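Working notes, structure below.
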Amino acid sequence: MATIYRGGFRIRSIHYCFILLLFASFVLLVTGTATAAEPTSVGELDSDDFVSQSKCANCHAIIRSQWQGSMHAYAYTDPLYQAELLMASEETGGQTDEFCSRCHTPIGVLAGEVPPIDGSMASDVALEGVQCDLCHTVPEGAGIGDGAFVSSPGDVKWGPLDDAPSAFHESEFNEFYTEAEYCGMCHNVNSPFNGLPLDDTYTSWADSQYAEEEVTCQDCHMTPGITQFEANPGRSASSAPKREHISIHEIVGGNVFMLEVLSDGLYGEKAEERLQKAAIIEVSVPEDASSGEDITIDVSITNSGAGHKLPTGIAEVRQMWLEVSVTDAEGKQLYGSGRLDAEGNIEDAVIYHTVLADPDGQITTKLWEAESIVSDNRILPKETEVESHSFVMPEDAVDPILVEAKLLYRSAPQDMVDELFGEGTYDVPVIDMANAYGSINGEADIPSEPTPGFGALLLVMSLIAVVCICRTKK
Ligand code: HEC
Ligand code: HEC
Ligand code: HEC
Ligand code: HEC
Ligand code: HEC
């Protein structure tokens with residue numbers, strides 16, 4: 001009897017388990033769908049719900065001054081954004097106003113003050129762009145891209161610390177702040193008309209080795225490491241304890257151009273330094289060559305330091321290219337490509353960027369017109385591209401021959417900027433990201449950048465020479 005009873009009991013318990021399991025999955029399903037976050041909608045909040053960054057600066061002065069050197073602080077005032085925002089609005093009859101503003105003027109959209117895009121209805125706090133309180137009152141994300149953030153402004157400031165009390169606000173640890181998905185809410189942009197992926201920074205990170213190794217956006221962009229995590233010891237507030245690591249809020253990218261324009265040259269340097277850590281180039285040429293011979297120069301470009309495609313962001317506007325030149329021992333140019341002409345256009349070079357087309361197949365740099373991606377030759381994280389150049393060795397070339405390659409970057413084409421702002425308004429800086437050299441028929445002298453010390457010495461020497469010449473003339 002006892003065995004039968006036990007057997008019966010076992011069967012019944014299996015049934016119980018089954019029913020329980022069913023019930024549990026049902027509960028999970030219901031609550032799962034019920035708690036899937038929705039992005040906070042337009043006009044759901046009030047701009048008074050958000051605190052101005054100037055208040056946070058009372059205690060977080062260093063973080064605030066770092067933020068002022070980031071494009072987040074200029075997300076609305078940025079003249080390039082303003083020019084494109086206006087053009088998009090005019091050409092689509094206002095259909096893009098809310099879309100663009102959600103990431104560039106998030107508080108304005110949440111409070112229903114922007115659009116209008118001219119900012120005439122916007123409070124001061126909305127015009128602070130991507131600012132402290134907007135970023136630190138996001139309890140969770142509602143997905144990736146197109147401004148998929150949940151906003152819950154109030155007393156609680158969420159962050160990466162679990163022991164950071166403050167007299168001014170509640171502090172709460174939230175793991176989300178340490179994850180790439182946090183940045184991904186805004187750093188993936190899809191066309192509002194056809195879903196075309198226009199900015200794929202997050203996606204190209206997520207598909208890379210960096211994601212596998214859990215090297216996040218924050219590791220590279222919010223620490224001094226640039227290409228990996230590196231601790232930044234300090235205090236995050238005047239009255240706070242010293243900690244082993246405080247995240248840096250410069251959050252710099254490659255936009256030397258706008259950072260210099262907006263900060264009177266103060267902040268461009270950090271972006272330049274970042275670009276110089278992004279890639280490595282190498283030149284490979286034959287050791288010897290005779291006149292009349294066809295010479296091939298292979299230049300490899302490795303995306304060694306960027307955790308996403310290189311370049312990234314608004315990739316239909318950004319430009320990266322190689323300048324290659326070959327000179328003989330007397331300085332005569334035997335081959336050249338990738339230089340700028342008098343108007344600032346790049347002469348015969350492969351440009352690494354995306355090319356977009358409108359519905360008629362016409363090439364466009366306007367996000368709102370784009371319907372297809374014609375090409376995308378940007379370099380994937382940790383990948384190498386090889387570019388080949390060739391020339392015929394002339395009869396009269398004097399050995400040894402020097403081959404020089406430079407990897408260059410600029411935030412926007414000069415002609416686009418001239419068209420938007422008028423010629424002569426802005427000179428788009430060209431950033432030297434990396435250099436490499438090769439020699440044919442002997443060891444050519446590799447040009448070295450004159451050091452400031454050397455320049456000063458040269459100046460002093462020429463002054464002495466001028467004085468001497470003047471004296472002898474008397
Ligand atoms: C683009 C969104 C964004 C903006 C704007 C922003 N923060 Fe942060 N902040 C973060 C993230 C993300 C972290 C955590 C990074 C990490 O993983 O270490 C953080 C960390 C912090 C921390 C903790 C510091 C530490 O590492 O111990 C403080 C304090 C802070 N932010 C204050 C501010 C203040 C003040 C401002 C405005 C001047 C500001 N933040 C602007 C996203 C932002
Ligand atoms: C009266 C001074 C004061 C003001 C004003 C202030 N904070 Fe703080 N905040 C602190 C202190 C102190 C800490 C603790 C830092 C620590 O322990 O390292 C802190 C911590 C934080 C943290 C870390 C939270 C965590 O758990 O990771 C964030 C984020 C933060 N503040 C954001 C802000 C923002 C945004 C503003 C403006 C809206 C602001 N703070 C205004 C003093 C202040
Ligand atoms: C609320 C949306 C939002 C969030 C969240 C956000 N960003 Fe941004 N970010 C922007 C916008 C908008 C710009 C462009 C501003 C401009 O150039 O006009 C920008 C600019 C940048 C730039 C400068 C790009 C350049 O061209 O140099 C970097 C780097 C950057 N963000 C990194 C991050 C990282 C890392 C995180 C996560 C810790 C993050 N952002 C979170 C909206 C956001
Ligand atoms: C391994 C380090 C590394 C990681 C991880 C990384 N970045 Fe970058 N990022 C760089 C470097 C280096 C550059 C400069 C070269 C360039 O513009 O691509 C850069 C540039 C940028 C730019 C500027 C693009 C422009 O228009 O000039 C943005 C925006 C950006 N990163 C956002 C992100 C976001 C968002 C993530 C996470 C999803 C991320 N980065 C992850 C290193 C990194
Ligand atoms: C999902 C968030 C998001 C939306 C929506 C968005 N942007 Fe951006 N925008 C960004 C981020 C992030 C960057 C920085 C990327 C980079 O560095 O190239 C940026 C950069 C830019 C820049 C480059 C600014 C500079 O100084 O180089 C322009 C111009 C721009 N956006 C225009 C627009 C326009 C126009 C729209 C609407 C059609 C729009 N954006 C919609 C997030 C967004």
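The values are calculated or read from the model by the stated rules, or taken from the named source; none is laboratory data. Keep in mind that this is a model prediction, so the values were computed, not measured. Positions of Cβ are generated from backbone atoms using ideal geometry, with glycine treated the same way; all protein chains shown enter the neighbour counts. In case anyone asks, the SASA skips ligands and DNA or RNA and just uses the protein heavy atoms, side chains included. Shrake-Rupley method; radii C 1.70, N 1.55, O 1.52, S 1.80 Å.
When the test is whether a residue is away from ligand 2 (no atom under 16 Å from the Cβ) and open to solvent by less than 40 Å² (accessible area, probe 1.4 Å), Met121 does not pass it.
Residues that are in the same structural domain as Pro394 (by TED's automatic domain parsing), more than 16 Å from ligand 1 (Cβ to nearest atom) and of a type in the set (Val, Ile, Thr) are absent from segment 223-242 altogether.
Would you mention how many residues in segment 73-93 are under 21 Å from Leu262 (Cα atoms) and open to solvent by 50 Å² or more (accessible area, probe 1.4 Å)? Here the count works out to 3. For segment 130-150, the criterion of being within 25 Å of Gly422 (Cβ to Cβ), more than 16 Å from ligand 4 (Cβ to nearest atom) and touching a helix residue (DSSP H, G or I) at 6+ places or on another chain (Cβ under 9 Å) is satisfied by no residue at all. Yes or no: segment 60-67 includes at least one residue that is open to solvent by 50 Å² or more (accessible area, probe 1.4 Å) and under 19 Å from the mean Cα position of the chain (by Cα). Scanning segment 60-67 turns up no residue that is open to solvent by 50 Å² or more (accessible area, probe 1.4 Å) and under 19 Å from the mean Cα position of the chain (by Cα).
When Cys132, Cys183 are checked against the criterion of being within 12 Å of ligand 3 (Cβ to nearest atom) and either farther than 25 Å from Asp376 by Cα or surrounded by fewer than 17 Cβ atoms within 10 Å (Cβ to Cβ) (or both), Cys132 stands alone in meeting it. Can you find even one residue in segment 254-261 that is over 30 Å from Ile295 (Cβ atoms) and within 16 Å of ligand 1 (Cβ to nearest atom)? Scanning segment 254-261, I find at least one residue that is over 30 Å from Ile295 (Cβ atoms) and within 16 Å of ligand 1 (Cβ to nearest atom), so the answer is yes. Out of segment 151-171, which residues are more than 16 Å from ligand 4 (Cβ to nearest atom), part of a loop (DSSP other than H, G, I, E, B) and either modelled with pLDDT under 95 or closer than 20 Å to Ser238 by Cα (or both)? The answer is Asp155, Leu161, Asp162, Asp163, Ala164, Pro165, Ser166, Ala167, Phe168, His169.
For segment 362-419, name all the residues that are in a loop (DSSP other than H, G, I, E, B) and closer than 30 Å to Ser439 by Cβ. Across segment 362-419, the qualifying residues are Asn377, Lys382, Glu383, Met393, Pro394, Glu395, Asp396, Ala397, Val398, Asp399, Pro400. Taken over segment 201-250, residues that are open to solvent by 80 Å² or more (accessible area, probe 1.4 Å), over 29 Å from Phe168 (Cα atoms) and not in a helix (DSSP H, G or I) amount to 6. If Gly313 passes every condition in (1) away from ligand 5 (no atom under 14 Å from the Cβ); (2) surrounded by fewer than 22 Cβ atoms within 10 Å (Cβ to Cβ); (3) not assigned by TED's automatic domain parsing to the domain that holds Ala75 but one, which one does it miss? Condition (1) is where Gly313 drops out. With the structure loaded, tell me whether Ser300 is in contact (Cβ under 8 Å) with a residue 24 or more places away in the chain, away from ligand 4 (no atom under 11 Å from the Cβ), surrounded by fewer than 20 Cβ atoms within 10 Å (Cβ to Cβ) and over 12 Å from Ile379 (Cβ atoms) or whether it fails that test. No.
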